[in-house]
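Only one structure is covered here, and it is reproduced in the block below.
Bear in mind that the values in this text are calculations on the coordinates, not laboratory data. This one's a predicted model, so the numbers in the text were calculated from it and none came from an experiment. Reconstructed Cβ throughout: ideal geometry from the backbone, glycine too, with neighbour counts over all protein chains shown.
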Amino acid sequence: MSAIVVFGSRYGSTKSYAEEFVRRHSLDAISFDEVSDLSNYDTIIYFGGLYAANVYGLKKTMKLIQSDQRLIIVTVGLNDPDIPKNAEYTEKNIRQILPNPLNDNAEIYQLRGAIDYKNLKPLHRIMMYFIYLKAKSDDTEESRQMVDTYGDMLSFVDFSTLDKIQY
Ligand SMILES: Cc1cc2nc3c(=O)[nH]c(=O)nc-3n(C[C@H](O)[C@H](O)[C@H](O)COP(=O)(O)O)c2cc1C
């Protein structure tokens, strides 16, 4: 069986998970923007950072995946996937863009990432500002946490959460 890890990471937290995963499983990892052919692999494990509920790079990578290949998608986002509402929302968005039968077979895992507001590119900083404004008017524990930590460096990266990926 041959497998490869493909990742889409803008600021590095998704890449760090992908690199730890390949270290554990003796695989290779490649960024989605450097891949043009995945036909030699039975299994593609796609690690992608979440940006406005989209998995960075997944749409482009999907065009290279056939329905007889095994697809494991691992998202990395700030929202807590242990809150069912968050996990369901992310999964729904992913499944909307996966064609059948790839959709039926794709396995999805969700991990938590990191953010350093000072390092964000201007557009991302503006997007996060609007998310912050919305969080200020929300009454959930997660929104309060977002408001409290807005502007700081925040990391939920935890390599032990890779254990849940059944590969
Ligand atoms: C502009 C922007 C939009 C984001 N949208 C989401 C989102 O929809 N859901 C989520 O859980 N996290 C979201 N995040 C947080 C990122 O997914 C998180 O920082 C992740 O670790 C980034 O991965 P990377 O460091 O590999 O780029 C967003 C971050 C930015 C800057």
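Neighbouring Cβ atoms within 10 Å as the yardstick, rank F156, F47, F32 fewest first.
Values: F156 16, F47 33, F32 20.
Lowest to highest Cβ neighbour count: F156, F32, F47.
Using a Gaussian network model of the chain in which every pair of alpha carbons under 10 angstrom is joined by a spring, one finds that among D152, D139, D42 the greatest mean-square fluctuation is at D139.
Relative contact order for the stretch 1-91: what percent, with Cα pairs under 8 Å and sequence separation of 6 or more?
On the way: 145 pairs, mean separation 27.8, N = 91.
Answer for the stretch 1-91 is 31 percent.
Calculated mean residue ellipticity, 222 nm, the chain: -11000 deg cm²/dmol, from DSSP H runs (n ≥ 4) at -39500 (n - 2.57) each, averaged per residue and rounded to 500. Ordering M128, M146 from the fewest to the most neighbouring beta carbons within 10 Å gives M128, M146.
Based only on other Cβ atoms within 10 Å, what is the fewest-to-most ordering of S160, S13? Walk me through the numbers before you get to the answer.
Values: S160 6, S13 23.
The fewest-first ordering by Cβ neighbours comes to S160, S13.
Helix 84-97 and the long axis of the chain differ in direction by around 50°, with both axes built from C-alpha atoms.
Can you tell which of I44, I73, I131 shows the greatest fluctuation in a Gaussian network model of the chain with Cα springs below 10 Å? Result: I131 has the largest fluctuation of those listed. A Gaussian network model of the chain, with springs between Cα atoms under 10 Å, assigns the largest mean-square fluctuation among I97, I83, I45 to I83. Using Cα-Cα distances under 8 Å and only pairs 6 or more residues apart, what relative contact order does the chain have, in percent? That works out to 20 percent.
A simple count of charges around L133, restricted to other residues whose Cβ falls under 15 Å of its Cβ and scoring Lys, Arg +1 and Asp, Glu -1, yields +1. Angle of helix 13-25 to the longest C-alpha principal axis of the chain, folded into 0 to 90 degrees and rounded to 10: 40°. Cα to Cα, under 12 Å, and not fewer than 8 places away if on the same chain: which aspartates and glutamates meet these conditions relative to K63? Within the straight-line cut-off, K63 pairs with D37.
Pairs K136/K164; K15/K59; K15/K60; K85/K164: which exceed 21 Å Cα-Cα? Let's see the in-between values first.
On the way: K136/K164 33 Å; K15/K59 18 Å; K15/K60 17 Å; K85/K164 19 Å.
Beyond 21 Å: K136/K164.
For the chain, the share of DSSP beta bridges that are antiparallel, to the nearest 5, is 20%.
Angle of helix 122-137 to the longest C-alpha principal axis of the chain, folded into 0 to 90 degrees and rounded to 10: 60°.
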